[in-house]
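Here the structure is laid out as structure tokens; the discussion comes afterwards.
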Amino acid sequence: MTLLAVILSDCAGERPKNLGIKDGVLAACPSSPNCVSSFAADKGHRIAPFSFGDEPAAAFARLTQLIRQRSDATVIEEGSGYLRVELRTTLFVDDAEFLLDAEKKVIHLRSASRLGYSDLGKNRSRVEEIRAAYSRGDQE
């Protein structure tokens, strides 16, 4: 059991220190294909931000509530219009960030695997799953 715990903790990796908001944007994706971002310009990493039509604070609160109710999510940092979470799969941890742009009525995002090179599309598929639930107004 102890060996299994050590192996699983090694798969989680260390929490990145370079995340957060810098000059109004989230950190750029690395060159590896295990990251998606609404700030990315290249097709491999680019993903659309979440859009909303309601009041910005209410829209962001709705997303925060949805994330908090996910069994695979742990909120690490929450601020005014910013949310940072860890999203877990069986063996790995991904770091996701959400940033409110009230003026443009979108929520920007970045989600990246903490370890490895490829995530086999997991970050993209999970963000799209969250987007679908958000668009439906689900409270999972």
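Values in this text are rule-based calculations from the coordinates and carry no lab data. Quick caveat, the model's predicted, so the values are computed rather than measured. All Cβ positions, glycine included, derive from the backbone under ideal geometry; neighbour counts span all protein chains shown.
Overview of values
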{"item": "Full-extension gain in nm, Y117 to A41, via 0.36 nm per residue minus C-alpha separation", "result": "25.4 nm"}
{"item": "Theoretical ellipticity at 222 nm over the chain - DSSP helices of four or more residues, -39500 (n - 2.57) apiece, nearest 500", "result": "-9000 deg cm²/dmol"}
{"item": "Where a label projected 7 Å from the Cα of S32 along Cα→Cβ would reach, residues of region 109-140 with amide N under 11 Å", "result": "112-120"}
{"item": "Two-decimal ratio, region 60-129, of alpha-carbon radius of gyration to 2.2 N^0.38 Å", "result": "1.10"}
{"item": "Distance histogram for the chain (every C-alpha pair counted, 10 angstrom bins, percent rounded to whole numbers)", "result": "12, 44, 34, 9, 2, 0"}
{"item": "Counted charge near A40, where neighbours are those whose Cβ lies closer than 9 Å (Asp, Glu -1; Lys, Arg +1)", "result": "+2"}
{"item": "Computed lengthening from E78 to E129, 0.36 nm per intervening residue step minus Cα-Cα distance", "result": "16.2 nm"}
{"item": "Cα centroid of region 96-140 to Cα centroid of region 54-74, whole Å", "result": "11 Å"}
{"item": "Peptides 48-58, 95-105 ordered by average Cβ neighbours within 10 Å, highest first", "result": "95-105, 48-58"}
